[in-house]
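A short worksheet on the structure shown next.
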């Protein structure tokens, strides 16, 4: 699974790695980034880092928010609202893979929202800093397995989410047999006859080429 998301922030407000690590520590989460990593510099590939001792990754691209003026409607379904520009002049575009990497990145993005007023774009939906940084509280009547995916550290949420996904998948009835029953049965002989009638010119060409190859081989064998 690949997850894409974006932050909108003023370039001069993009924090140092040490600031993100410090804010994470205040919430009881340990982040370790590779030497030389900088949120102000785009990555050529995925960056490997650690959250609470577990390896995770994300890719990062940076570009001016004005670049979106040249993106066609086919490439971007929903244009950013005009108010989005009051939250920043730079787009931080992230991509990540895996449940834990996704939870870790969301945790980091909440730090950006709460402490550096970054807005977000998720599934092409604009999210204000206050909404992005807000902690979702699951209602009392929510299934316990699902509610567990919204509480705890990113690592705990990822474990709960994986368990919930497995449970949901186990409850989906198999459809392979049903699909097989609905698939039209093919008579091989009729298929060949239909193919020849539709491709008679290609078939004749094939026979001529095959005959020529046979004659060439026969003459070479005699020599």
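At a glance:
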| item | result |
| --- | --- |
| Single residue of region 111-131 satisfying the filter (surrounded by fewer than 21 Cβ atoms within 10 Å (Cβ to Cβ) and in contact with a helix residue (DSSP H, G or I) (Cβ under 6 Å, 6 or more places away or on another chain)) that is modelled with the lowest pLDDT | 126 |
| Filtered residues of region 1-21 (kept if without any contact (Cβ under 8 Å) to a residue 40 or more places away in the chain and more than 13 Å from residue 107 (Cα to Cα)) | 12, 16, 17, 18 |
| Of all residues making up region 18-34, the number that are under 26 Å from the mean Cα position of the chain (by Cα) and part of a loop (DSSP other than H, G, I, E, B) | 4 |
| Condition check for residue 50: over 18 Å from the mean Cα position of the chain (by Cα) and in a helix (DSSP H, G or I) | no |
| Residue that is over 17 Å from the mean Cα position of the chain (by Cα), at negative phi and either in a helix (DSSP H, G or I) or not assigned by TED's automatic domain parsing to the domain that holds residue 29 (or both), where the choices are 62, 100, 132 | 132 |
| Residue ID - modelled with the lowest pLDDT, chosen from residues in region 76-88 that are loosely packed, with under 15 Cβ neighbours inside 10 Å and in a loop (DSSP other than H, G, I, E, B) | 77 |
| Among residues of region 33-47, those that are surrounded by 13 or more Cβ atoms within 10 Å (Cβ to Cβ) and closer than 24 Å to residue 153 by Cα, counted | 5 |
| Looking only at region 149-192, and only at residues there that are at pLDDT below 75 and not in a helix (DSSP H, G or I), the one that is farthest from residue 96 (Cα to Cα) | 187 |
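The values are calculated or read from the model by the stated rules, or taken from the named source; none is laboratory data. Owing to the predicted nature of the structure, the values given are computational and were not obtained by experimental measurement. Counting neighbours? That spans all protein chains shown, and the Cβs are built from the backbone with ideal geometry, glycine included.
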